[in-house]
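S.K.: Encoded as structure tokens, here's the structure I'll be asking about.
The values are calculated or read from the model by the stated rules, or taken from the named source; none is laboratory data. Note that the structure is predicted; figures quoted are calculated from it, not measured. A quick note on method: Cβ atoms are made from the backbone with ideal geometry, for glycine too, and the neighbour counts reach across all protein chains shown. All accessible areas refer to the heavy atoms of the entire protein, side chains included, with ligands and DNA or RNA removed. Shrake-Rupley method; radii C 1.70, N 1.55, O 1.52, S 1.80 Å.
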Amino acid sequence: MPVPTETKTEKGFDEKLLDIYNGAATTLMIAVGHRTGLFDKMAEIGAASSEHLARAATLNERYVREWLNAMTVSGIVKYDADQKIYTLPPEHAQLLIRKSGKDNLAVFAQYVSVMADVEDEIVDCFHKGGGVPYSAYKRFHEVMAEDSGQSLVPVLLETVLPLVDGLDRKLEQGIDVMDIGCGRGHALMRMAKAFPKSRFVGYDLCDDTVAFASKEAKERGLNNLSFEVRDVSALGDLEKFDFITAFDAIHDQAQPQIVLNNICKALKSTGTFLMQDIDASSNVEKNLDHPLGPFLYAVSCMHCMTVSLSQNGEGLGTMWGRETAKTYLERAGFKSVEIQKLNHDIQNCIYVAKK
Ligand SMILES: C[S@@+](CC[C@H](N)C(=O)[O-])C[C@H]1O[C@@H](n2cnc3c(N)ncnc32)[C@H](O)[C@@H]1O
């Protein structure tokens with residue numbers, strides 16, 4: 001894809017642009033490698049020819065070979081041309097296989113394909129306004145659950161809940177907990193299992209995700225947990241809950257201020273609201289060095305902002321940032337708002353808010 005000379009505006013920008021395109025294309029290939037289990041299989045069997053790997057993974061050899069070549073030229077896989085053998089170095093495998101848990105970055109590559117799936121609809125919105133609804137994203141809830149299932153759920157009890165003083169003891173004794181925008185509900189399931197005397201409820205707008213969560217909770221025998229299809233912008237609960245959580249679920253709301261007002265009203269006077277959201281500034285000029293800046297503004301435009309706009313919402317966007325989040329929380333009635341950062345998470349911060 002040659003860049004015409006007259007479009008070169010600064011030295012090196014042409015190379016930068018090509019790097020961006022190569023990175024984007026490789027990201028799609030990483031998503032494919034994750035979904036087909038090819039990275040896991042490569043780490044398991046070690047150095048292998050395309051035939052060997054395809055057989056071990058029960059996949060089509062021609063596709064596997066082309067994928068391996070894409071992985072080779074992008075520097076992810078090493079290739080021995082004499083023996084026609086491919087190797088995934090252990091230090092690369094560490095960041096690409098399921099066994100690595102929260103270190104597995106391959107999961108995030110899938111967001112690019114999730115977004116690309118609605119490109120036509122987004123282009124249409126650039127012309128006509130409006131937004132793309134949740135229902136248009138075929139794999140969003142699946143990928144989101146996989147993401148939070150590895151980045152949040154395994155560390156929830158160990159590092160996230162301890163951010164609230166004395167919460168563990170209260171959960172052990174038995175309190176009422178609500179999760180807003182619970183998705184497939186794995187965070188709640190982990191809490192419900194660990195604290196059988198407490199009562200948990202998860203609300204989500206999407207009926208398919210609530211059906212998924214309800215079925216799994218039943219299969220796991222979690223009787224202290226229920227899920228409901230509910231629009232939290234019309235919550236109506238008063239001083240009912242001791243602890244409310246929202247994991248990545250406020251910035252894509254249609255009416256985020258109303259939702260936060262409702263959360264504050266639904267919380268008992270001694271209760272706590274824990275909100276995990278994107279760690280960024282509300283001002284783009286302060287996000288120039290953000291390690292995920294381009295990725296997160298793209299996710300915003302192609303998902304979080306547009307799902308809100310599709311409901312005639314505010315379209316706050318993924319990058320609403322710490323400054324705006326704090327203002328919204330205070331406006332909702334929270335008198336104390338602390339922002340905490342967890343070492344393992346470059347993407348999010350945690351707001352601990354009290355009335
Ligand atoms: C980014 S996802 C996060 C899901 C989940 N908390 C997790 O971490 O896996 C946001 C969730 O909020 C839900 N949601 C959006 N607006 C909502 C509303 N008004 N009422 C209830 N749920 C809503 C969406 O359906 C989606 O499942």
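S.K.: Mean residue ellipticity at 222 nm from the helices of the chain, using -39,500 (n - 2.57) per DSSP H segment of n ≥ 4 over the full residue count, to the nearest 500 deg cm²/dmol?
M.R.: It comes out at -12500 deg cm²/dmol, rounded to the nearest 500.
S.K.: I need the P(r) histogram for the range 5-99: all alpha carbon pairs, bin width 10 Å from 0 out to the longest distance, whole percents.
M.R.: All Cα pairs considered, the percentages come to 16, 46, 22, 11, 5.
S.K.: Further question: Once both labels are modelled 7 Å past Cα along the beta-carbon direction, what's the Asp82-Ala194 spacing in nm?
M.R.: If labels sit at Asp82 and Ala194, their model points lie 5.3 nm apart.
S.K.: Continuing with this model, one more query. Counting only protein heavy atoms and using a 1.4 Å probe, what share of the accessible area of the range 35-184 belongs to carbon plus sulfur, as a whole percent?
M.R.: 53 percent
S.K.: Using alpha carbons only, how many angstrom separate the centre of the range 40-107 from the centre of the range 250-319?
M.R.: First find each Cα centre; the distance between them is then 37 Å.
S.K.: For Gly131, which sequence-distant residues (separation of 5 or more, or a different chain) have an amide H within less than 5 Å of its own amide H, given hydrogens modelled in the peptide plane?
M.R.: Distant-sequence amide H within range of Gly131: Ser310.
S.K.: Just Gln110, Gln150, Gln253 to compare: in a GNM of the chain, with alpha carbon springs under 10 Å, which one fluctuates most?
M.R.: Gln150
S.K.: Just list whichever of Lys102/Lys138; Lys99/Lys193; Lys16/Lys99; Lys102/Lys265; Lys265/Lys326 have alpha carbons separated by over 28 Å in the model shown.
M.R.: Details: Lys102/Lys138 24 Å; Lys99/Lys193 23 Å; Lys16/Lys99 33 Å; Lys102/Lys265 34 Å; Lys265/Lys326 17 Å.
Flagged as over cut-off: Lys16/Lys99; Lys102/Lys265.
S.K.: Can you give me the % of accessible surface on the range 227-355 that is carbon or sulfur? Probe 1.4 Å, all protein chains present, nothing else counted.
M.R.: For the range 227-355, the apolar C and S fraction of the accessible surface comes to 51 percent.
S.K.: Using a 7 Å offset from the Cα along the Cα-to-Cβ direction at both Ser269 and Leu288, what is the distance between the two label points in nm, to one decimal?
M.R.: 4.9 nm
S.K.: Output needed: percent of Cα pairs per 20 Å distance bin for the chain, bins running from 0 to the one holding the longest distance.
M.R.: Histogramming the chain at 20 Å steps yields 27, 53, 19, 1 percent.
S.K.: Turning to a different aspect of this structure: Between Asp103 and Arg35, what is the FRET efficiency for a Förster distance of 22 Å, r being their Cβ-Cβ separation, to the nearest 0.05?
M.R.: After rounding to 0.05, the efficiency reads 0.75.
S.K.: For Asp207 and Lys138, calculate 0.36 nm times their separation in residues minus their Cα-Cα distance, and state this gained length in nm to one decimal.
M.R.: Contour length minus the Cα-Cα distance gives 23.5 nm.
S.K.: I would also like to ask the following. Can you figure out the FRET efficiency of Leu17 with Asp117, using R₀ = 22 Å and their beta-carbon distance, to the nearest 0.05?
M.R.: With R0 = 22 Å, the Cβ-Cβ based efficiency is 0.40.
S.K.: Please give me, ordered by residue number, the trypsin sites (Lys or Arg not before Pro) of the range 117-176 that lie in loop per DSSP and have at most 12 other Cβ atoms within 10 Å. All intermediate terms of the calculation are to be shown ahead of the outcome.
M.R.: On the way: sites: Lys128, Lys138, Arg139, Arg169, Lys170; in loops: Lys138, Arg139.
Answer in residue order: Lys138.
S.K.: Top mean-square fluctuation among Gly131, Gly174, Gly75, Gaussian network model of the chain, C-alpha springs under 10 Å?
M.R.: It is Gly75.
S.K.: For the range 342-355, take each phi angle, set θ = phi - 60°, evaluate the Karplus expression 6.51 cos²θ - 1.76 cosθ + 1.60, and give the result in whole Hz per residue in order, putting x for glycine and proline.
M.R.: Result, ordered by residue: 9, 4, 6, 10, 7, 8, 10, 10, 10, 9, 10, 10, 10, 6 Hz.
S.K.: Per residue, what accessible area does the range 218-329 have, given a 1.4 Å probe and all protein chains present, in Å²?
M.R.: 41 Å²
S.K.: How long are the semi-axes of the equivalent ellipsoid of the range 7-63, taking √(5λ) for every eigenvalue λ of the Cα gyration tensor, in whole Å from largest down?
M.R.: 34, 10, 10
S.K.: Something else about it: If each residue of separation counts as 0.36 nm, what is the full-extension length gain between Glu338 and Ala56 once their alpha-carbon separation is subtracted?
M.R.: Full extension from Glu338 to Ala56 adds 96.5 nm.
S.K.: Also: Whole number in Å², please: accessible area per residue of the range 53-206, 1.4 Å probe, ligands, DNA and RNA not counted.
M.R.: Values: 7640 Å² over 154 residues.
Accessible surface, normalised per residue, equals 50 Å².
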